[in-house]
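The values are calculated or read from the model by the stated rules, or taken from the named source; none is laboratory data. All values derive from a computational prediction rather than experimental measurement. Every residue, glycine among them, receives a Cβ derived from its backbone with ideal geometry; neighbour counts consider all protein chains shown.
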Amino acid sequence: MALDLNNVAKDMYEMVEKDHGVKKYKPGDMFKAMMKKHSSKGISKKDCKKALRIMIDSERLVYTYFNGSWVELPGVEGSAMATQAAKSG
C-alpha cells in the first residue's frame, strides 16, 4: 500500500490536538510514533519530516522553542484573544 504523506500529517495533527495543553511533543517523538503507527507502509524518518513540513507550512502546527524544540498548535495571541472572547461572551 502506498504511503500518503497527507494522512501521516493528519495523524500528527490529531496527536498534538488530542494532548493540547497537557503534553508537548518533540519532533523526534512524533516521528517515532508515526513510524510505529505506519510501519506496515514502510514509512521513514524522511517521510515523517515531509509530513511535519506539510503541517508547519499550512500553519496548522508550529515549532516553539523553550528549553528545546517542540511542536504545538498555534496559539491565539494578544488582541486576537480579546476579539475571540468578545465573540463568545
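Quick look at the values:
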item	result
Hey, Lys50 surrounded by fewer than 12 Cβ atoms within 10 Å (Cβ to Cβ), at pLDDT 90 or above and not hydroxyl-bearing (Ser, Thr, Tyr) or not	no
Enumeration of residues in the range 46-79 that are touching a Pro at 6+ places or on another chain (Cβ under 9 Å) and outside any helix (DSSP H, G or I)	Glu59, Arg60, Leu61, Val62, Tyr63, Ser69, Trp70, Val71
Evaluation of Ile43 against (1) surrounded by 15 or more Cβ atoms within 10 Å (Cβ to Cβ); (2) assigned to a helix (DSSP H, G or I) (one fails), failing number	(2)
Residues that are in a helix (DSSP H, G or I) and touching a strand residue (DSSP E or B) at 6+ places or on another chain (Cβ under 8 Å), drawn from the range 13-27	Met15, Val16, Pro27
Lone qualifier among Met30, Met34 - being hydrophobic (A, V, I, L, M, F, W, C), assigned to a helix (DSSP H, G or I), surrounded by 12 or more Cβ atoms within 10 Å (Cβ to Cβ) and touching a residue at least 40 places away in the same chain (Cβ under 8 Å)	Met30
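Rundown of residues vs (1) over 12 Å from Val8 (Cβ atoms); (2) at pLDDT 90 or above; (3) aromatic (Phe, Trp, Tyr), yes/no style:
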position	(1), (2), (3)
Gly28	yes, yes, no
Ile43	no, yes, no
Leu61	yes, yes, no
Gly75	yes, no, no
